[in-house]
1. Inside segment 156-167, can you point out the residues that are in contact with a strand residue (DSSP E or B) (Cβ under 8 Å, 6 or more places away or on another chain) and either crowded, with 21+ Cβ neighbours inside 10 Å or acidic (Asp, Glu) (or both)?
2. Hey, among the residues in segment 182-204 that are part of a loop (DSSP other than H, G, I, E, B) and acidic (Asp, Glu), which one's farthest from Asp231 (Cα to Cα)?
3. crowded, with 16+ Cβ neighbours inside 10 Å and among the acidic types (Asp, Glu), is that true of Asp270?
4. Can you pull out every residue in segment 45-61 that is in contact with a strand residue (DSSP E or B) (Cβ under 8 Å, 6 or more places away or on another chain), of a type outside the set (Gly, Ala, Ser) and modelled with pLDDT of 90 or more?
5. From the set of residues in segment 182-233 that are aliphatic (A, V, I, L, M) and surrounded by fewer than 17 Cβ atoms within 10 Å (Cβ to Cβ), which is nearest to Val94 (Cα to Cα)?
6. Would you mind stating whether Ile298 is of a type in the set (Val, Ile, Thr), in contact (Cβ under 8 Å) with a residue 12 or more places away in the chain, touching a strand residue (DSSP E or B) at 6+ places or on another chain (Cβ under 6 Å) and within 30 Å of Gln464 (Cα to Cα)?
7. Given the criterion surrounded by 19 or more Cβ atoms within 10 Å (Cβ to Cβ), touching a Leu at 6+ places or on another chain (Cβ under 9 Å), modelled with pLDDT under 95 and not basic (Lys, Arg), identify the matching residue among Pro405, Pro431.
Amino acid sequence: MLYAKTLLSSIFLLSLIVVSIASAQTPNQKIPLNDFVKHSDYLEIKISPDGQHVATRIRDDSTVYMITMRLSDGKVVGGVKPGKKNEVSSVHWVNNERLIYTFAEKRSGFDAPIPTGELFAINVDGKANKMLAGYRANDLITGSRVGVKEDSYASHQLLNVLKGDDKYVLVVEYPWSKRGDSWYDRRETRPIVSRLDVISGRKKNKEIIPYRGARVFANDQGAVNFVTWSDDSIYRKAVYRASKKQPWQDISATLNIETGALKPVSINQDGTKIYLTGSVGNQKISSLFELELTSKKISRVFDNQHQLDFWKTDLNGDPVIGTSYPDRHRYYYSMINTQSPLVTHHKKLQKAFAGQEVHIQTYSHDGELLVLNVKSDTNPGEYYLYNTKTNKADFLWANYSWIDPRTLTPMAPISLNARDGQELRGYLTAPKSGSKTNKNPLVVLPHGGPHGVRDYPFYDPQIQLLASRGYSVLQINFRGSGGYGGAFEKQGYKKWGKVMIDDIVDATQWAIEQGHADPEKICVYGGSYGGYAALMSAVRAPDLYRCAIGNVGVYDLEAMKVKGDIPIGFRGRSYLEEVLGSDSADLREQSPLTHASKIKAKVMLIHGDEDIRVPSYHSKKMRAALKKANNPAQWLYLNDSGHGAFSIENRTKVFEQLLEFLDENIGKGKY
């Protein structure tokens, strides 16, 4: 099998050299379009409790499958492969011999495969593959034989792999809601917690949690003593009990959860501590807090001065390593658990892989073996097996294995002041072989979301494609974006077409003033909210942009409040009310559809017929309005695509026509 010999050379940390997969291209050679179109291949690697095997999810030929590999000789010993365009969506070790995995399948109305809510189990050698729970779980009935498993119209989640128990795991199921002839996972009903037999699929000791859509926290012994949930508002509540025999006690006020100040996210292994995200300082920068359940004492875990984006827990489930991205990555270490061996190892590793991010993915139960993911803006991600006893790292696999990192272009962090003095941060990616003046054609790329989402200095095939074709790419984390504190994010509420667009326009002007862009060759392009921002930027600054490209964009804010899957989802209306408001006149004023006649830029509209997040209504109405304004849009309508092209065929169409449109309107990229 192709992957049987991918365990490569060992490397000593003191002289560690990052290995790159050999590529058919030299650093100065044009990278084929298909290299950027293809999805990543190595998605996840998890090590077995005894450190003898790894399980990894691999994409190949439009399928994501799972293999298990013996580490001693790199031999593939088992795995499972679903049908084409479907995928194994997650994998978890139950014990050294058995794994649980989940499955996603292609469905009408969705572009990417959607999780089915089912749980499966398989042995490390690929035997005893069985569906354990889900709506198709019941065995076939023949004669008087009745299946021991139950059909359950619900989404199942693995809650905890119980310590010292090789037979049972703890799961939570969220019953679906039925509307008409269809079932939906809307988290409108009360979840059910039970122990699940990983061999037979039997459930036992069921408990119904009395709060609909609740998030359940359980320790390694299977005790559920802490629960959070939301009612019709977007803020959470919390309850606690000392034991199952005790009544639930509301501690929302104690934790200040009702105001949104703290949000529970995880529990440690023995269930004595809860970890919560919360805000600090005037900018409401997100940090992590520890709650001791018995004393109700709350302590801050990391002394981070910037928004905490990721953290890693040690063998006891205590967070010990945090990561922020003020520009590049920045690490923080626990102020509580200062003696964690994981911290000691991580400090060594970050020096060995200087300039790149080092994330500890999983580890063996004795802590001797760690699986690392090393990545950067020009490294899509490499996996290593690190031995903490020998200080040696074995190279395992490289994600996007066909990409040579030497051919990619670094993302340069930037900062600027908006027209009102607010500091903005982002990234500028300039092609390696630009013009002598550095005034390249510029693509301004606002991100989607928009709230809670931001641009990071990670490998992005779309950005690298544009840079490889001679275009500079400008990304700005405008107000409303995540990553810079709650105060910064809330500045964008109800101002989608106002200050958020001003920030994008100001960043574009900055790029011109700094000599990073040819002012006659600028295009703005984005997807979802980014598509909205592209068209609205062309409305607000009609002489600044030569072209505007909207991909699955929102163009009618009034329609967004009633069309698509957000308004009908649990708390969806509350969310839209908070971020958009209810003033119809204001919503129309902030909609590109209202101002089609003001757009001077050439426009391209891309949309999928199966998009249920932003229905194609938006693009069809925008297209008609532009035609009426004598500015007909170039039209790319994908009949079998949802919210963003996922299939290789559709991604190829989008990228090909995107490049053609850019070349035609802001000049052929030099490469």
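The values are calculated or read from the model by the stated rules, or taken from the named source; none is laboratory data. Everything numeric in this text was worked out from a predicted model, so none of it was measured. We place every Cβ from the backbone using ideal geometry, glycine too, and count neighbours over all the protein chains shown.
1. The first filter runs over segment 156-167 and keeps only residues in contact with a strand residue (DSSP E or B) (Cβ under 8 Å, 6 or more places away or on another chain), leaving 156-162, 166-167.
Selection gives His156, Leu159, Asn160, Asp166.
2. If we filter segment 182-204 for residues that are part of a loop (DSSP other than H, G, I, E, B), which is where we start, we get 185-191, 198-202.
Still in the running and acidic (Asp, Glu): 185, 188.
On the way: Asp185: 16, Glu188: 10 Å.
Of everything passing the filter in segment 182-204, Asp185 is farthest from Asp231 (Cα to Cα).
3. So Asp270 fails the test.
4. Ile45, Lys46, Ile47, Pro49, Gln52, His53, Val54, Thr56, Arg57, Ile58
5. Ile199
6. Spelling it out, it is not the case that Ile298 is of a type in the set (Val, Ile, Thr), in contact (Cβ under 8 Å) with a residue 12 or more places away in the chain, touching a strand residue (DSSP E or B) at 6+ places or on another chain (Cβ under 6 Å) and within 30 Å of Gln464 (Cα to Cα).
7. Pro431
Condition check ((1) closer than 19 Å to Lys375 by Cα; (2) part of a strand (DSSP E or B); (3) at pLDDT below 60) across all residues:
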residue	(1), (2), (3)
Leu8	yes, no, yes
Ile11	yes, yes, yes
Ala24	no, no, yes
Phe36	yes, no, no
